[in-house]
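Data first, discussion second: the structure below is written as structure tokens.
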Amino acid sequence: MPRSPAACRWTCNENNSFRHITMSNVLLLLRRQFLAYFRSPAGYVVIIIFLLISGLSFCRLIAQSATETIQVGDILFRSAYFWMIVLVTIALITMPLFAEERHSGTLETLLTAPVTDAQVVLAKFAAAYLFIVVMLLPTLSHAVLLHLFRDAGATFSLKPLLTGYLIVLLIGAFYTAFGVFMSSLTKSMVVSAILCGLGMSVTFLLADNAQYALHNRPLEYVFTQISSVQHVLDFSRGIVDSQPIVFYLSGTVLFLYLSVKAIEARLWR
Amino acid sequence: MKDRKNIIKVKNLTKRFAASIAVDGISFEAQRGETLGFLGPNGAGKTTTMRILAGYLAATDGSVQVDGLDVLEHAYEVRRKIGYLPEHVPLYQEMRVAEYLQFRGRLKGLSRRRLRNRMDEIKSLCGLHNVSGRIIGHLSRGYHQRIGLADALIHEPELLLLDEPTIGLDPNQIRAIRELIKTLGQKHTVVISTHYLVEAEALCEKVLILNHGRIVAADAPAALAGLLKNKTVIAAEIAGPRHEAAAMLRGLPGVVGVIAGPCRDQNGSPAGEWNSYVVECAPEADPRCEISAGAAARGWALRELILEKKKLEDIFAEITGSVQVDLQ
């Protein structure tokens, strides 16, 4: 039986408009969310504080390198201050993503527009991640300074620099996705930030310390594998392992998937 | 199946929340081009019904179709046909008016060129020309309402869902918004929710009165208002058994009907044994003396007896706020 022209037009239209809108929706939402960070002083303040602290810790390590040998990757990525401020920033910039929209009610206008929940989650994640990337960009100047002012005859190896940034970007994506998920669970930004901070401290602080304190082989193994500190130590020396890469990427996808589910759950409450 | 006549078809819609039933098996239809009103007190299920129509919540049971499409299964297509203004008009406070409307227009699938023309139309329609560069958070409630309406309208939806569009506005703003909705009603199918009887009367061709998640009456507003109008109406508050007192009032000469419900104190909780009654009488009748005598004879205290001084809508709101509704 031939399909009626009306039915055909209907499906074609639906498919075309869907394809047309999918990507542009994500970009539109991403743009709004990203710009929202800079509508108030908050975005600028966070970036300035980050640059101040990472810059000071860079200076301090440079001063130390006068008396002892420190590798490039160590100077750039192994400062606890650098990581502390990166993690705090992630908690701060992911907390409003859903919590604030839910609190102010804008989530309702957003989710009743012709967008899918997945598009919204993806756009919000991308906006927060872009903020982290923009915030990290100026730290490239540290690497440039190290290159320009290295001792005569000293070699400057690019590899630890690249792998160091790789692990920063991987860990950043993982925790940002985790923060998005925490924000999707609550309408209080404070609760979201606290949950996000607690979760990050599990893989960052707890795992790092627990692997030495435990005398339980399997648990010790698990904590060694998920310890972000361990990953940073390896990658900033140019040692690339596929295991953490898979761990962070799959973790990112998992938390984004859970966020979509958490947003969908509004339908059935 | 696309239905040429009805744009909204709701059958046995039920929404249960953890502890309560917000909407309890309601069914209704809205014809294309019609303006339909949900009338009822807070907590009657108006907002929940709106949210389900807009696809923000899912129904626990029953079917909801817009233009022949299930609102959840075809969420994407349905949402492009709907312009929704939620109750408290949530807006991104930090954005500028024009920028916000452009963002929403693009999100709803308008092309850049179409949007450019549409922006002018929508700004003049909603009276936003002189604020288009202002930051939304700095504008008044009335402007927020217009921005919300402009947002709902920007993609020229067939169906407009407006949840309490005049709440929190001053009388001039209310008049302006009502005029605007009236204009919109000529081109679009409009569903508005309100707890003002006069608003429903002024704007809607059909009114559904909701109470406790059920439709208690559905008719043209003139017919519904006729239930109370063209009669003398007396509001009375009597402390005594509700059914006996209602029976006493019905028995008085000239009384046509009695609507009874518990009085509310200032917190909105029932005020002990006090009940309020709306006594509808024949046009010329004035049984106030008989009412006071009847209450006194039975030893019931009487603290209010007003001859149509209260606005009809206040009485209505009080009554639908009660447990028992007896519209006859």
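The values are calculated or read from the model by the stated rules, or taken from the named source; none is laboratory data. Fair warning: this is a prediction, and the values are worked out from it, not measured in the lab. Glycine gets a Cβ as well: all are built from the backbone with ideal geometry, and neighbour counts include every protein chain shown.
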*Considering (1) within 24 Å of B:Gly109 (Cβ to Cβ); (2) in a loop (DSSP other than H, G, I, E, B), say which one A:Leu107 fails and leave the rest.*
(2)
*Take region B:155-177 and flag every residue that is modelled with pLDDT under 90 and of a type in the set (A, V, I, L, M).*
B:Ile167, B:Leu169, B:Ile174, B:Ala176, B:Ile177
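Residues are listed down the side, and each one gets a yes or a no for (1) in contact with a helix residue (DSSP H, G or I) (Cβ under 8 Å, 6 or more places away or on another chain); (2) in contact (Cβ under 8 Å) with a residue 24 or more places away in the chain; (3) closer than 22 Å to A:Ser104 by Cβ:
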{"site": "B:Leu107", "(1), (2), (3)": "yes, no, yes"}
{"site": "B:Glu121", "(1), (2), (3)": "no, no, no"}
{"site": "B:Gly133", "(1), (2), (3)": "yes, yes, no"}
{"site": "B:Gly142", "(1), (2), (3)": "yes, yes, yes"}
{"site": "B:Gln145", "(1), (2), (3)": "yes, yes, yes"}
*Take the residues in region B:76-101 that are more than 8 Å from chain A (Cβ to nearest Cβ) and more than 19 Å from the chain's Cα centre (by Cα), then tell me which one is farthest from B:Asn117 (Cα to Cα).*
B:Val78
*If A:Val86 satisfies every condition in (1) touching a Phe, Trp or Tyr at 6+ places or on another chain (Cβ under 8 Å); (2) within 14 Å of another protein chain (Cβ to nearest Cβ) but one, which is the exception?*
(2)
*asked:* I'm trying to understand the selection: among the residues of region A:119-155, which are surrounded by 13 or more Cβ atoms within 10 Å (Cβ to Cβ) and either aromatic (Phe, Trp, Tyr) or within 14 Å of chain B (Cβ to nearest Cβ) (or both)?
replied: A:Gln119, A:Val120, A:Ala123, A:Lys124, A:Phe125, A:Ala127, A:Tyr129, A:Phe131
*Restricted to region A:254-263, and to residues that are within 15 Å of A:Lys124 (Cβ to Cβ) and either among the aliphatic types (A, V, I, L, M) or in contact (Cβ under 8 Å) with a residue 60 or more places away in the chain (or both), which residue is surrounded by the fewest Cβ atoms within 10 Å (Cβ to Cβ)?*
A:Leu258
*If only one of A:Thr94, A:Thr116, A:Thr109 is facing chain B (nearest Cβ under 10 Å) and crowded, with 23+ Cβ neighbours inside 10 Å, which one is it?*
A:Thr109
*Would you pick out the residues in region B:105-117 that are more than 7 Å from chain A (Cβ to nearest Cβ) and within 29 Å of the chain's Cα centre (by Cα)?*
B:Gly105
*If you scan region A:1-44, which residues turn out to be within 11 Å of chain B (Cβ to nearest Cβ), at pLDDT below 50 and farther than 23 Å from B:Gly68 by Cα?*
A:His20
*List every residue pair whose Cβ atoms sit under 7 Å apart, with the two residues 6 or more apart in sequence or on different chains, where the first one lies in region A:98-127 and is at positive phi and the second, anywhere, is assigned to a loop (DSSP other than H, G, I, E, B) and buried (at least 22 other Cβ atoms within 10 Å of the Cβ).*
A:Gly105/B:Pro86
_So B:Asn130 ticks every box in (1) touching a His at 6+ places or on another chain (Cβ under 7 Å); (2) away from chain A (no Cβ under 14 Å) but one. Which box is left unticked?_
(1)
*Say whether the condition of being among the small types (Gly, Ala, Ser), within 18 Å of B:His195 (Cα to Cα) and modelled with pLDDT of 90 or more is met by at least one residue in region B:23-37.*
yes
_Taking the conditions exactly as written (more than 10 Å from chain A (Cβ to nearest Cβ) and either in a strand (DSSP E or B) or on the phi < 0 side of the Ramachandran plot (or both)), does B:Gly43 satisfy them or not?_
no
